[in-house]
Structures are given as C-alpha cells and as structure tokens.
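To start, the structure under review is shown below, and the notes come after it.
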Amino acid sequence: MGHQWLSLVGTIWLQSISATNSNFPSYSSQLKQLLSLSQLQLNNLAFASDSGKLFGFLSGMAADHLPLWLVLLIGSSLGLIGYGVQYLFLVTNKVSSLPYSLLFLLTVLAGNSICWINTVCYMIAIQNFPLDLQLAVGLSTSYQGLSAKIYSAVVDVVFKSSSLTSIQTTRSYLLLNSILPLVVCLITSPFVTVVTTARSKRLSRGFFVIFAITIFTGTYAVITSLESRKRPFTPLVILIGMCVFLLAPLVVPLVEKLREKMEHKCLIRSYGKKVCDESSMEENGLGVVNEHCVKDEGVVMCDGEEMEAKVMVKRLNFWLYFFVYLFGATVGMVYLNNLGQIAESRGNSSTSSLVSLASSFGFFGRLFPCLLDYHLSRTKYKVSRPALIALMMVPMTGAFFLLLNGSNICLHISTAIIGICTGAVSSASVSTTAELFGAKNFSVNHNIVVANIPIGSFLFGDMAAFLYRKQGLANGYNGKCMGVKCYQTSFVIWGSLCFLGTVLAIILHSRSRKA
C-alpha cells in the first residue's frame, strides 16, 4: 500500500513540472522582441508546442512496450534537447542566427516531451488505482495547473526576475524548461511503477489527506498570485512554501508504511477483475455485474466498451467529444497562450502575475472533477463526464464576452474563470476517454483525442494573430496593436465557439446516457 501511494506522489511531482508550455506567455513578448517575430510567427510557435501532441500516440505505444522509467527518460530528454538548444543559442549570443524553421522544430520536440511524461502519469493512475481512477487522475493532473506558477516562483528567486532584461528572462525560462523535468523524472523514476492492483478499506483516508493538502496548496498559490502593493510574501517565501506543499503528500505513504510495519500485516485486499474469480470477489464484498462492471460495496463501477483506435474514430461519440474538447479546453488554451500579448495590448505590465493567476485557478479547475467524484462516491452517485464538461463551459463562454470590457479587473476575472474552466475540462477529459472508449487502449486513444489541441492552436491562434495585425495596421502601429480592440473580434469568436461546444457536450451527454 505504501508503494501504491508513493507512485501517486511521484505522478503529482511529475505533473507539477510537466506543463513547460504553460509558462510560454511569461516570456513570449521578450522572445518576439529578441527574434523580431511577427505576431503570426509567435502564434505559430505556440502552435508548434501544441503540435507535439500530434505525435503523442508514439508515447502511448512506447508505454505499452517499454519500462515506464525509460518512457520518462525519453520524454525528459526530448525536452532537454528542445529547450536546451534554444538556450544555447541565447547564452552564446547567437540568437540572431537561429533560423525560424529550426526554432519551430525544436519547439515541436519540446512540446512532444510533455506527452511522454503525462502518458506515464495516466497509466500509473489507471493501473494502480483502477477503482479510484477518477480520484487519482484528478489529483495528479490538478498539479499540472501549477506548472507556470512553480516556474515563475523559481525564476523570481533564482534569477531575480524584476531586474532581468528581455534576453535574461527568456534564458531563465528556457534553462528551467530544459533541466527541471529531467531532474524530477530521475528522482521519481524508481517509485513511479505499476504495483499489484489493490484497494484498502482505508484508501479513502489517504485520499482525504491528499485532498486537504491539495486544497491548501491551491489556496496558497492563488493568494500569492494576487497583485498587491504591499505584498506580504517575498519571492523566497513563496518558493519555499510551494516546495513544502509539494513535499507534504509524502506523509500518506510514510504513515501507511509505518502502520503496516506496526501491525505486521498487509492492509490491502486484491480485487482485480482478471485475477479474482467470482466467489473470491463475493467474499471481499465485490460482485460481478457484467463483463464491464464490478460491484463494490453497493457501488457499481463500469468501464466503457473497450475500443481500439480504429474502431473509436468511426463512432459519432468520438467526433462529438473531439469537437467538444476543441471548442472548450483548446479554445481556453489558445487564450492562455495569447495571454502575454493580450496583457501587453491592454497596457498591463504584470504578465507574469497574470500567468500565475491563470495557473493557480487552473489548478483548482483540474481538481474540481476530482472533488466532485470524491463527494459523490460517498453518496453512491456518479456524475456524467459530458454533463460536467457542458456545465464548466457555460461560465467560460461568459468570460470571453466579459473580456469585451476593457477594465483591468475584467481581464483578471475572465482569466481566472477561463483558467478554472479550462483546467476542469482538461482533467475531466481523461476519465471521459476511459468512460466512453474503455481503459484498455487509453494511452493511445487519449493521445488521439488531444490531437485537437494543435489543430485548434493553429486555427484559432493564427486567426487571432491575423486580426491583431489587421487592427495594428489600421491604427498605424506597423503591425503592433495597442488597445481593447486588438482582440475584441477574437473574444467574440472564441466565446461563440465555446457556446457551440456546450451544445455539443449536451448532445454527447444525451447519447452516452442512452448507450
């Protein structure tokens, strides 16, 4: 049991540093200035980072045939190369000689590295906590929302971001993006492994403790991200606090291991559907309902119909789900990718603080489906994943239209709402894929689903770049746009797409219930 919890702690650490692309807005304006990029070229770099997900199926296939520690090493090495080569060009003052095509390919490589790390985390949650899949996935993926906050905190302390020049700011983020994931992968690889499928009667206690730690972590992240003239927290205190909160979940495997040694017996009971026969399951309070369902203490846990990728893509539910994600979480990610330019166009100089705010609220968004599952599991109810996604896309639609107001407070409120809703949809999508198409081929199926992210990043991001440039030329700024109107049309289009995604999610919910 202790090793089972230790593997979950490992995935939490991995997810907290895996989203290296989320801190792109913190240095995108500086990179644009250094390389003399147009807004379209800058948006295409954001697309390049997301386009790494087009090759995410490779990580899924590798995870099915290679040891997970090797998959982690491959993923972190790709990031080391992708970001590290960019850093070397900057540190040797040869950035002007860096071809845009090479920069694009390096960014694709770095973006693909994220898929490898995430695939390992998903597989650990699915195989080590099959009856608590949604809880384990929700907890670990919620920490992915903290990545931008963590990187920003490290830059503030180690590199003293307030006194950095444009090139120094870009260097610091690229250096961290290349090294930190590799270091954490090396640290966690010994205990991020698949353990014997098991469940303890006290399993809920462990989740309760981690839930409490996670909520305090998110609250701390939000508080330290809010702008204030009299900041009660210094950058060093913020970083130390984040490190303490990240180490705190270790208390669960340590206490569990200590309890097992004190009682001299294992507190877990096997329940794997393929390992136990029906009679042994009955003795343990488990019952076979059908080939896809298991009854556990009165609660029926069902897997979706197991589908291979070639079968999945022929189903209408897949395409409904694909476009729901495209018009929901992907649109939210496009907004967050453009956050640096949006803030600059409105004359907001605190881009890093705004990115940290989006990251912190994204953390709570990713945690929300997990909290809901934990509460409903105690009442023996289960919420439909498509219905939850539809529910979260409603406020996100409103947030895009709220951005039409040019006030600074509306920018912060909308960013927080989009952050929390994008995080919630992203987190819910993991269990939605398993719910709709089964868990057996999850590693490949889910990477096919999230291929919509680079598609949306290219279509919606480039659209925003064209509109930005058009507005800038109209105002006589030679392509650089200042003012609320720079992204006004983009906000209307993004909000309308989000509304359409909400309607599709309701249709998907109706179809999945009938099925």
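The values are calculated or read from the model by the stated rules, or taken from the named source; none is laboratory data. Keep in mind that what you see is a predicted model, and the values were worked out from it rather than measured. Counting neighbours? That spans all protein chains shown, and the Cβs are built from the backbone with ideal geometry, glycine included. Only protein heavy atoms, including side chains, enter the accessible area calculation; ligands, DNA and RNA are left aside. Shrake-Rupley method; radii C 1.70, N 1.55, O 1.52, S 1.80 Å.
General remarks:
- Table column - 3J(HN,Hα) (Hz), region 79-88, Karplus curve with 6.51, -1.76, 1.60, x for Gly and Pro: x, 4, 6, x, 7, x, 5, 4, 5, 4
- Inter-site label distance for T219 and S96 at 7 Å from Cα along Cβ, in nm: 5.3 nm
- Cα-projected label distance for I179 with L40, points at 7 Å along beta-carbon direction, nm: 3.8 nm
- Accessible surface calculations at 1.4 Å, restricted to protein heavy atoms, place region 336-448 at 31 Å² per residue.
- Distance from region 407-445 to region 320-348 (C-alpha centre basis), Å: 13 Å
- Quotient of C-alpha Rg and 2.2 N^0.38 Å, computed over region 1-115: 1.21
- Length available on full extension from K160 to L404: 0.36 nm per residue minus the Cα-Cα distance, which gives 84.4 nm.
- Distance violations [Cα-Cα > 29 Å] among K314/K440; K94/K470; K149/K440; K53/K257; K53/K160; K53/K149: K94/K470; K149/K440; K53/K257; K53/K160
- Region 78-136 - accessible surface per residue (Å², probe 1.4 Å): 35 Å²
- Förster-model FRET efficiency, 35 Å R0, M463 and F208, C-beta, rounded to 0.05: 0.20
- For the peptides 94-101, 29-36, 446-453, 15-22, the ranking by packing is 15-22, 446-453, 29-36, 94-101, with the highest mean count of neighbouring Cβ atoms within 10 Å listed first.
- Solvent-accessible surface (1.4 angstrom probe) belonging to R366, in square angstrom, nearest 10: 30 Å²
- Surface composition of region 322-478: carbon plus sulfur atoms contribute 66% of the solvent-accessible area (1.4 Å probe, protein chains only, all chains present).
- Here the calculated FRET efficiency for K310 and K470, from their Cβ-Cβ distance with R0 = 41 Å, stands at 0.45, rounded to the nearest 0.05.
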